[in-house]
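J.: Sharing a structure, written as structure tokens. Questions coming.
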Amino acid sequence: MHLIGHQTKPLHMGNFSSRIISVLAMLAMAGNIVAVTLNEAKQLYLDGDYESALPVFKKALASKPRDGSLNQWVGVCLMRTGHADEAEQYLKKAQSRGIAEAPRYLAELAFNNYSFNEAGEYFENYDKALLKAKKTMSDEAAGLQRKITLAKQMFDGVEKITIIDSVSVDRESFFKAYRLSPESGSLNTTEVLPSGAKYADETVVYMPESKELMMWAALDSANNYELVQSAKMIGGKWERPHSLGSSLNFGGGDSNYPFLMSDGVTLYFANNGDGSIGGYDIFLTRRDDDNGYLNPQNIGMPFNSPYDDYMLAID
């Protein structure tokens, strides 16, 4: 019978010393690997790969629980990987340790929870921290500040609002399943478009009850989504699609998901540009006397939120 690993030959001191040296060398290499891994995690963090960076930061934080930077890195990684509730404690610890960027992320958490006044207070602390550290605000942070200000203005007009999260449903599946009354028109996939018509990867085609008009989103020259339409001509052919006008392309964002009221004048659609408080918001516009459209207005809360709000269809 053979015992696996059993020593059957005498062990010479020379071999023993060599093995000790080898083990020590391997331990030293392991220490370098840990250090390099933490540096790599920082780069992953900067590159936006939060899921890969998170376990490395958590391991480092276990041995340095009071480290402000590690607390922030863990908190942000948790935020960006869908664990916002767990992230707050780490970000508050980072703020208490004087990390300048921590209040900015706490403001984002409060904003996403509809606590807009609290978000504003965190952002005031963030401004003070930047001033003390002699740092300038990033474009991303400035965008969050604009959204907080806009949301606070909207919320002033809402006496009480209850937010109920919907079950996550694929947009395309939802639009296929949703049915309006005939007089309100219909929501269709791009399969109904005339042959050769260009369209955005993610859009819905609205048709009124007459089915003699189509509205949808297509790419413009700047690779943004713009609203276009095509009308049915005499003989049943469709006219060449054309833009609904530059007034509906604003804020550097995409315009999408149109819904035209039965009056043929009032248009609702979604846009995710500078006028939005988060992702897509619903906007309202009306056709003017020159068959163009007036400057759109954000319809505010409770219809819009810090998340994507794709379409308002009035049945």
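Conditions (1) of a type in the set (S, T, N, Q); (2) within 24 Å of residue 114 (Cα to Cα); (3) in a helix (DSSP H, G or I), marked per residue:
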{"residue": "45", "(1), (2), (3)": "no, no, yes"}
{"residue": "59", "(1), (2), (3)": "no, no, yes"}
{"residue": "75", "(1), (2), (3)": "no, yes, yes"}
{"residue": "82", "(1), (2), (3)": "no, yes, no"}
{"residue": "86", "(1), (2), (3)": "no, yes, yes"}
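J.: I'd like the residue in region 182-202 that is touching a helix residue (DSSP H, G or I) at 6+ places or on another chain (Cβ under 7 Å) and open to solvent by less than 60 Å² (accessible area, probe 1.4 Å) and, out of all such residues, is nearest to residue 225 (Cα to Cα).
T.: My answer is 189.
J.: Among 100, 107, 119, which is the only one that is open to solvent by less than 20 Å² (accessible area, probe 1.4 Å) and not in a helix (DSSP H, G or I)?
T.: On the way: 107 fails: not in a helix (DSSP H, G or I); 119 fails: not in a helix (DSSP H, G or I).
None of the others qualify; the one that does is 100.
J.: Follow-up. Consider residue 115 against the criteria (1) free of Cβ contacts under 8 Å to residues at least 12 places away in the same chain; (2) of a type in the set (S, T, N, Q); (3) over 26 Å from residue 154 (Cα atoms): it satisfies all of them except one. Which criterion is unmet?
T.: (3)
J.: A further question follows. Looking at residue 170, is it at pLDDT below 75, surrounded by 10 or more Cβ atoms within 10 Å (Cβ to Cβ) and either out of contact with any Lys or Arg (no Cβ under 9 Å at 6 or more places or on another chain) or aromatic (Phe, Trp, Tyr) (or both)?
T.: Numbers: at pLDDT below 75: yes; surrounded by 10 or more Cβ atoms within 10 Å (Cβ to Cβ): no; either out of contact with any Lys or Arg (no Cβ under 9 Å at 6 or more places or on another chain) or aromatic (Phe, Trp, Tyr) (or both): yes.
Against the criterion (at pLDDT below 75, surrounded by 10 or more Cβ atoms within 10 Å (Cβ to Cβ) and either out of contact with any Lys or Arg (no Cβ under 9 Å at 6 or more places or on another chain) or aromatic (Phe, Trp, Tyr) (or both)), residue 170 does not qualify.
J.: Quick one: would you say residue 281 is surrounded by 20 or more Cβ atoms within 10 Å (Cβ to Cβ) and without any contact (Cβ under 8 Å) to a residue 40 or more places away in the chain? Before the answer, list the steps.
T.: Details: surrounded by 20 or more Cβ atoms within 10 Å (Cβ to Cβ): yes; without any contact (Cβ under 8 Å) to a residue 40 or more places away in the chain: yes.
Yes, satisfied.
J.: Which of the following residues is within 20 Å of residue 287 (Cα to Cα), among the polar types (S, T, N, Q) and crowded, with 17+ Cβ neighbours inside 10 Å: 255, 246, 210? Steps first, please.
T.: On the way: 246 fails: crowded, with 17+ Cβ neighbours inside 10 Å; 210 fails: crowded, with 17+ Cβ neighbours inside 10 Å.
None of the others qualify; the one that does is 255.
J.: Can you find, within region 122-139, the residue that is least open to solvent (accessible area, probe 1.4 Å) among those that are of a type in the set (Gly, Ala, Ser) and assigned to a helix (DSSP H, G or I)? Walk me through it before giving the result.
T.: Residues of region 122-139 of a type in the set (Gly, Ala, Ser): 129, 133, 138.
Then drop every residue that is not assigned to a helix (DSSP H, G or I), which leaves 129, 133.
Numbers: 129: 26, 133: 47 Å².
My answer is 129.
J.: Can you pull out the residues in region 88-97 that are surrounded by fewer than 20 Cβ atoms within 10 Å (Cβ to Cβ) and either of a type in the set (Gly, Ala, Ser) or assigned to a helix (DSSP H, G or I) (or both)?
T.: Residues of region 88-97 that are surrounded by fewer than 20 Cβ atoms within 10 Å (Cβ to Cβ), as a first pass: 88-89, 92, 96-97.
Those that are surrounded by fewer than 20 Cβ atoms within 10 Å (Cβ to Cβ) and either of a type in the set (Gly, Ala, Ser) or assigned to a helix (DSSP H, G or I) (or both): 88, 89, 92, 96.
J.: Now, a different point. Please list, ordered by first then second residue, the pairs with beta carbon atoms under 6 Å, 6 or more apart or interchain, first in region 286-315 and over 22 Å from residue 153 (Cβ atoms) and without any contact (Cβ under 8 Å) to a residue 12 or more places away in the chain, second hydrophobic (A, V, I, L, M, F, W, C) and assigned to a loop (DSSP other than H, G, I, E, B).
T.: Here the result reads 288/294, each pair linking region 286-315 to a residue that is hydrophobic (A, V, I, L, M, F, W, C) and assigned to a loop (DSSP other than H, G, I, E, B).
J.: A further question follows. How many of the residues in region 179-208 are hydroxyl-bearing (Ser, Thr, Tyr) and farther than 16 Å from residue 243 by Cβ?
T.: So the first thing to find is which residues in region 179-208 are hydroxyl-bearing (Ser, Thr, Tyr), and the list is 181, 184, 186, 189-190, 195, 199, 203, 206.
This time we only want the ones that are farther than 16 Å from residue 243 by Cβ, so: 181, 184, 186, 189-190, 195.
Residues in region 179-208 being hydroxyl-bearing (Ser, Thr, Tyr) and farther than 16 Å from residue 243 by Cβ: 6 in total.
J.: Which one of the conditions (1) in contact with a Ser or Thr (Cβ under 6 Å, 6 or more places away or on another chain); (2) more than 27 Å from residue 145 (Cβ to Cβ); (3) open to solvent by less than 10 Å² (accessible area, probe 1.4 Å) does residue 286 fail to meet, given that it meets all the rest?
T.: Exception for residue 286: condition (3).
J.: Which of the residues that make up region 53-83 are of a type in the set (Gly, Ala, Ser) and surrounded by 16 or more Cβ atoms within 10 Å (Cβ to Cβ)? Give the steps one after another, and end with the answer.
T.: Quick first cut of region 53-83, residues of a type in the set (Gly, Ala, Ser) only: 53, 60, 62-63, 68-69, 75, 82.
If the condition is that a residue be of a type in the set (Gly, Ala, Ser) and surrounded by 16 or more Cβ atoms within 10 Å (Cβ to Cβ), then 53, 60, 68, 69, 75 are the ones that fit.
The values are calculated or read from the model by the stated rules, or taken from the named source; none is laboratory data. What you are looking at is a predicted structure, and each value in this text was computed from that prediction instead of being measured. Using ideal geometry, Cβ is built from the backbone for each residue, glycine included, and neighbour counts are taken over all protein chains shown. Ligands, DNA and RNA are stripped out before the accessible areas are found, and what is left, the full protein with its side chains, is counted by its heavy atoms. Shrake-Rupley method; radii C 1.70, N 1.55, O 1.52, S 1.80 Å.
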